[in-house]
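Below is one structure, written out as structure tokens; comments come after it.
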Amino acid sequence: MTELEYQQALARLIKGAEYLERTDLTPKQREQADKLYDELTRKILIYQGMEWAIYDPNKK
């Protein structure tokens with residue numbers, strides 16, 4: 001990820017957070033948006049060198 005891609009990802013993350021605040025989303029829309037938001041967050045954390053902060057519900 002380049003610095004430009006990182007900045008674009010941050011902007012998308014903000015838009016995604018605003019989208020997820022909506023109360024009119026169907027469960028399917030919310031599930032899809034959550035998946036995209038989580039994947040984008042993961043990519044940003046990896047770029048920042050913060051892999052340790054990635055939540056893995058399957059990890060014990």
Flag for residue 22 being among the charged types (D, E, K, R), touching a helix residue (DSSP H, G or I) at 6+ places or on another chain (Cβ under 8 Å) and surrounded by 10 or more Cβ atoms within 10 Å (Cβ to Cβ): no
Pairs with Cβ under 6 Å, 6+ apart, first in segment 4-33 and farther than 16 Å from residue 46 by Cβ, second small (Gly, Ala, Ser) and assigned to a helix (DSSP H, G or I): 19/33; 20/33
Any hit, segment 36-49, residues being part of a loop (DSSP other than H, G, I, E, B), under 15 Å from the mean Cα position of the chain (by Cα) and either surrounded by fewer than 10 Cβ atoms within 10 Å (Cβ to Cβ) or at pLDDT 90 or above (or both): no
Contacts under 6 angstrom Cβ, first residue in segment 38-59 being at negative phi, partner part of a loop (DSSP other than H, G, I, E, B), 6 or more apart: 42/54; 45/54; 47/1
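The values are calculated or read from the model by the stated rules, or taken from the named source; none is laboratory data. None of these values were measured; they are calculated from a predicted model. Glycine gets a Cβ as well: all are built from the backbone with ideal geometry, and neighbour counts include every protein chain shown.
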